[in-house]
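These notes concern the structure reproduced below.
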Amino acid sequence: MKILRRVDEVTEALEALRGIGLVPTMGAFHEGHLSLFRAARGECDTVVASLFLNPAQFAPEDLERYPRDEDRDVALAEEAGVDFLFVPSVEALYPPGYGTWVEVDGGSVLEGAYRPDHFRGVATICLKLFNIVRPDRAYFGRKDAQQAALVGRLVRDLNLRLRLRVLPTVRDPDGLALSSRNRQLSAAERAAALALPRALAAGAVAETRCEDALAAARSVLAAEPLLEPDYVEIAAFDGHRLLVAAARVGRTRLIDNISLEGEPE
Ligand code: AMP
């Protein structure tokens, strides 16, 4: 696996290559990331992953706390079959004088209501990465369902020539969705965090019984004193109904979702 740090290095390395799959990430890899690398490995001739903690999508205090582990990430990416790992500096992607931002409709509700400018940062970095890497396919996780939906709109609206692949959420055996942020949880906080997937599962069961999915999910969350819900809502992304939720446990914010269409994850 080759590590690339500058945009011109990426251009040069990928120029003659075809069938490129791109997996954008922010590092601190877990099985969720690895599942995307492996899927890309299975479907593409060349697998590129990016590892970039994009300041444009974070509040400053959140960015500071975000876990970083580049050496471990390099080893895991290589093992999972990544050919090129793009690890740019902030200055490489946002040089002095940078001033172009991408706004996608739908970026100010749900996550966007709690994280101002978050999706502007996400859409901007994704478009930049797509232009730098020129992938045929780009891989995203369904765990960040609103992000995947917004990137889908970006690809459609701006006529980008790439196919988006959105893959299932990978969970720990107890149901907690894997997240780089899970590393920030104490044992007690991790136990409390389990109320999030439990609440979503209760909502999905209520839905199959024609009961109130939102009420069922909210009552499970309300019973966990260490968990502070930001929102529990029903969202329709590309016509697909999901129960989506975000909650804070201590200083860590977690998101998760479940399909309300009854198909397996
Ligand atoms: P991140 O590094 O958190 O930005 O995640 C990089 C990509 O991995 C995003 O497309 C996420 O949606 C995806 N991802 C994160 N967690 C999971 C998970 N538990 N299962 C599947 N994909 C995930």
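Projection of the Cα convex hull of the chain, averaged over all directions and equal to a quarter of that hull's surface, yields 13.9 nm².
Here each label is just a point 7 Å from Cα along the line to Cβ, and for Ile234 and Tyr114 those points are 2.1 nm apart.
Could you tell me which of rounded, prolate or oblate describes region 149-265, using a ≥ b ≥ c as the square roots of the eigenvalues of the alpha-carbon gyration tensor, with rounded for a/c under 1.5 and, failing that, prolate when a/b is larger than b/c and oblate otherwise? Here region 149-265 falls in the oblate category. Pull out a ≥ b ≥ c, the square roots of the eigenvalues of the alpha-carbon gyration tensor of region 48-149, then state rounded if a/c is under 1.5, prolate if not and a/b is larger than b/c, and oblate in the remaining case. Because its axes are fairly even, with a/c under 1.5, region 48-149 counts as rounded. Ordered by solvent-accessible area of protein heavy atoms (1.4 Å probe), largest first, the residues Arg38, Arg241 come out as Arg38, Arg241. Per residue, region 84-230 exposes 48 Å² of solvent-accessible protein surface, assessed with a 1.4 angstrom probe and all protein chains in place. The fraction of accessible area contributed by carbon and sulfur in region 1-133 is 49 percent, rounded to a whole number (1.4 Å probe; ligands and nucleic acids excluded). Rounded to 0.05, the FRET efficiency of the Thr100 and Leu63 pair, given R0 = 25 Å and the Cβ-Cβ distance, is 0.75.
What does the C-alpha gyration tensor say about the overall shape of region 1-67? Classify as rounded when a/c is under 1.5, otherwise prolate if a/b is larger than b/c, or oblate.
Numbers: a/c = 2.95, a/b = 1.49, b/c = 1.97.
Oblate, because a/c is 1.5 or more while a/b does not exceed b/c.
With the charge dipole of the chain set up from +1 on Lys and Arg Cβ and -1 on Asp and Glu Cβ about the Cα centre, the Cα lying farthest toward the positive end among the listed residues Leu226, Ala206, His30 is that of His30.
The distance linking region 16-93 with region 159-182 is 13 Å (Cα centroid to Cα centroid, whole angstrom).
Quick one: pull the percent of accessible area on region 138-265 belonging to carbon and sulfur, 1.4 Å probe, ligands and nucleic acids left out.
52 percent
For the pair Glu79 and Asp45, what calculated FRET efficiency results from E = 1/(1 + (r/R0)^6), where r is the Cβ-Cβ distance and R0 = 30 Å, to the nearest 0.05? That pair, Asp45 with Glu79, gives E of 0.95. Using all pairs of distinct alpha-carbon atoms, the Kirkwood hydrodynamic radius of region 74-128 works out to 13.5 angstrom. Each Lys and Arg adds +1 at its Cβ and each Asp and Glu adds -1 at its Cβ; summed about the Cα centre, region 196-265 shows a dipole of about 320 debye.
The values are calculated or read from the model by the stated rules, or taken from the named source; none is laboratory data. Only a predicted model underlies this, so the values are computations on that prediction, with no experimental measurement involved. So basically every Cβ, Gly included, is an ideal-geometry build from the backbone, and we count neighbours across all protein chains shown. Heads up: the accessible areas ignore ligands, DNA and RNA and are worked out on the full protein's heavy atoms, side chains in. Shrake-Rupley method; radii C 1.70, N 1.55, O 1.52, S 1.80 Å.
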